[in-house]
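> Just passing along the structure, written as structure tokens.
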Amino acid sequence: MEITSINAEVLAKMFLAGAKNLDAKKEWINELNVFPVPDGDTGTNMSMTIMSAAKEVSGLADPTMKTLAKAISSGSLRGARGNSGVILSQLFRGFCKVIAEYDEIDVNVLCEAVQKAVETAYKAVMKPKEGTILTVAKGAANKALELAEETDDLVYFCDEVIKEADIVLSRTPDMLPVLKQAGVVDSGGQGLMQVLKGAFDSLTGKEIDYTIEDASTGSGVVKISAQTEAEIKFGYCTEFIIVLNRPLSDKEERDYKAFLESIGDSIVVVADDEIVKTHVHTNDPGLAIQEALKHGSLSKIKIDNMREEHQEKLIKDAEKVATQQKEETAEQEEAVEEQPKKDMGFISVSIGEGMNEIFRGLGADYIIEGGQTMNPSTEDMLNAIEHVNAEHIFILPNNKNIVMAANQAASLVEDKEIIVIPTKTIPQGITALVNFIPDHTAEENKESMLEEIALVKTGQVTYAVRDTEIDGKEIKQDDYMGIGDKSILSVGKDLKETTLEMVDAMMDEDSAIVSIYYGSDAEEAAAEALGAAIEEKYPDVEVEINDGGQPIYYYVISVE
């Protein structure tokens, strides 16, 4: 089988196949996490990133290489989650910059696109580390350069590039000792391999289901049972894409959404400079179509009579969720409208109601629910920025795996100054807010926050999900682990003893304050006993105890 060129339609199918293969393998990739913690999320982050782009691609009726490139680049950029997801989105961004200039792709174009993908991804990472997804991508790019001189056959070319990338992946434990200790290859690199292998299956004609669930409803259509037909307020699920005559202004987009809200509910409008994807439940689809035609031509029109559907999902549940989301959005927008624009505002990532309340009490304007168990996307960051009425907005990611998504969001905002304080833990975020001085300039506050968060040590206590050996410590499944800023500090069978051992490893002669945040699986009495034990051993240190409410981690503890 020999193929010398592929068009946009073929490439779109290859991309969707790669996305679906990654999505199917995400839990396996999660298990490759170096630390055997219960929240390994590399596979989930990469899957959600690529599926955001896949939904955009599946909405293209007759893709050209330019529209396909825009869908992949924009969808992955805004949907990027976690460091692995952001790097994946940057690989796609570089790749798409090249393919957008061609009608068809041959070996030389594909080689050029792969080089640009790697170049773009490396530039996006402040301190690139070998033995990661970047190394795997670079290995593929180097092989592509070599093969471009030898063959015109895309099948042979792609097969050999993937084989080389697999070899590079197998060598990642030799480049990063922490991988070798844990007995795993790099999880991000493995995620990239699943994208490449899925795409290659499509190229070679393997039978694949290319269906991608719709972003707005989870299944493309709200499905109902016969018993709920009488309860349906709006009977027609209406979807279409507007091919714009010209880009919509912000006002035109708001007016368009307002019109749809006047004739229905479950509104989803996703707009860029060229297309507007629309979803609405209404009793008169014609009105929605007439309004849309004012802005351009329509494609991929889909209208379903929901009263004639007899499926599992109840419309009542969907309407309840939609109403809750609408009310929450309205409340946030009303709060912004009520407050005058100020000089400086704060967005904080947090998880657990106790942690949320602490951040609100310290002056955070907007809380993004996320963190260890669910990394927020670039889109989540952009939405938060939109709702903070300030000239200068500080973002506190509070997790090392969220900093890149925050920086990516900051690069997309032009009307406000976005300042990302690279807080890697919740206690660092709290320290940053505590040290905010309203009378100082944004730049002065940034400098002081960066100085103060560098003085914070953080330890987190959770349990192991598998046997492994790391940082010279033998770990068994269900052992308790005390994880410091850079390594595992303690391992044991007893929660209190393991936690105290972790605290001991964090203390030094300058330590003055220990803050304990107990999680949803820890008791206040146990936290009090833990605090008393620390005070007894370190009488000159002040101990504070707070209800954090965080999942997964019994205790988050800071030492300053």
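> With respect to Asn142, determine if the residue is polar (S, T, N, Q) and either over 30 Å from Ala406 (Cβ atoms) or touching a Phe, Trp or Tyr at 6+ places or on another chain (Cβ under 9 Å) (or both).
yes
> What are the pairs, 6+ residues apart or on separate chains, where a residue within the range 488-501 that is among the basic types (Lys, Arg) has its Cβ under 9 Å from a residue that is part of a strand (DSSP E or B)?
If the second residue must be part of a strand (DSSP E or B), the pairs left are Lys493/Tyr480.
> Tell me the residue from Ala61, Ala144 that is among the aliphatic types (A, V, I, L, M), outside any helix (DSSP H, G or I) and touching a residue at least 12 places away in the same chain (Cβ under 8 Å), please.
Exactly one residue qualifies, and that residue is Ala61.
> Is it the case that Glu528 is acidic (Asp, Glu) and in a helix (DSSP H, G or I)?
yes
> Here's something else I'd like to know. Take the residues in the range 56-86 that are more than 11 Å from the chain's Cα centre (by Cα) and farther than 18 Å from Leu298 by Cα; name whichever of them is surrounded by the fewest Cβ atoms within 10 Å (Cβ to Cβ).
Among those residues, the one meeting the criterion is Lys66.
> So which residues in the range 123-161 are in contact with a helix residue (DSSP H, G or I) (Cβ under 6 Å, 6 or more places away or on another chain) and among the aromatic types (Phe, Trp, Tyr)?
Residue satisfying the conditions is Phe157 alone.
> Among the candidates Phe92, Phe157, single out the residue that is closer than 22 Å to Gln408 by Cα and in a helix (DSSP H, G or I).
Phe92
> Tell me, which strands (runs of 3 or more DSSP E) wholly within the range 169-288 include 3 or more residues that are at pLDDT 80 or above?
In the range 169-288, the matching strands (runs of 3 or more DSSP E) lie at 236-244, 275-282.
> Here is a follow-up. Answer yes or no as to whether Leu382 is outside the structural domain of Asn45 (by TED's automatic domain parsing) and either surrounded by fewer than 16 Cβ atoms within 10 Å (Cβ to Cβ) or touching a strand residue (DSSP E or B) at 6+ places or on another chain (Cβ under 6 Å) (or both).
no
> Take Ile162 and decide whether it is farther than 30 Å from Pro422 by Cα, touching a residue at least 12 places away in the same chain (Cβ under 8 Å), in the same structural domain as Asp62 (by TED's automatic domain parsing) and surrounded by fewer than 20 Cβ atoms within 10 Å (Cβ to Cβ).
When the stated conditions are applied, Ile162 passes them.
> A further question on this structure: How many of the residues in the range 466-478 are buried (at least 19 other Cβ atoms within 10 Å of the Cβ) and either free of Cβ contacts under 8 Å to residues at least 60 places away in the same chain or under 20 Å from Lys400 (Cβ atoms) (or both)?
Number of matching residues: 1.
> Quick test for you: out of Gly531, Gly549, pick the one residue that is at pLDDT below 95, crowded, with 16+ Cβ neighbours inside 10 Å and farther than 30 Å from Val185 by Cβ.
After ruling out the rest, the residue left standing is Gly549.
> Right, here's the next one. Glu130 is checked against (1) part of a helix (DSSP H, G or I); (2) within 28 Å of the chain's Cα centre (by Cα) and fails just one. What number does that condition carry?
It is condition (1) that Glu130 fails.
> Here is a follow-up. Can you say whether Val109 is assigned to a helix (DSSP H, G or I) and without any contact (Cβ under 8 Å) to a residue 60 or more places away in the chain, as far as the supplied structure shows?
Criteria met by Val109.
> Considering each residue of the range 435-478, count those that are within 28 Å of Ser520 (Cβ to Cβ), out of contact with any helix residue (DSSP H, G or I) (no Cβ under 8 Å at 6 or more places or on another chain) and not basic (Lys, Arg), and give that number.
9
The values are calculated or read from the model by the stated rules, or taken from the named source; none is laboratory data. Since this is a predicted model, take the numbers as computed values, not measurements. Neighbour counts are summed over all protein chains in view; Cβ atoms, including those assigned to glycine, are modelled from backbone coordinates with ideal geometry.
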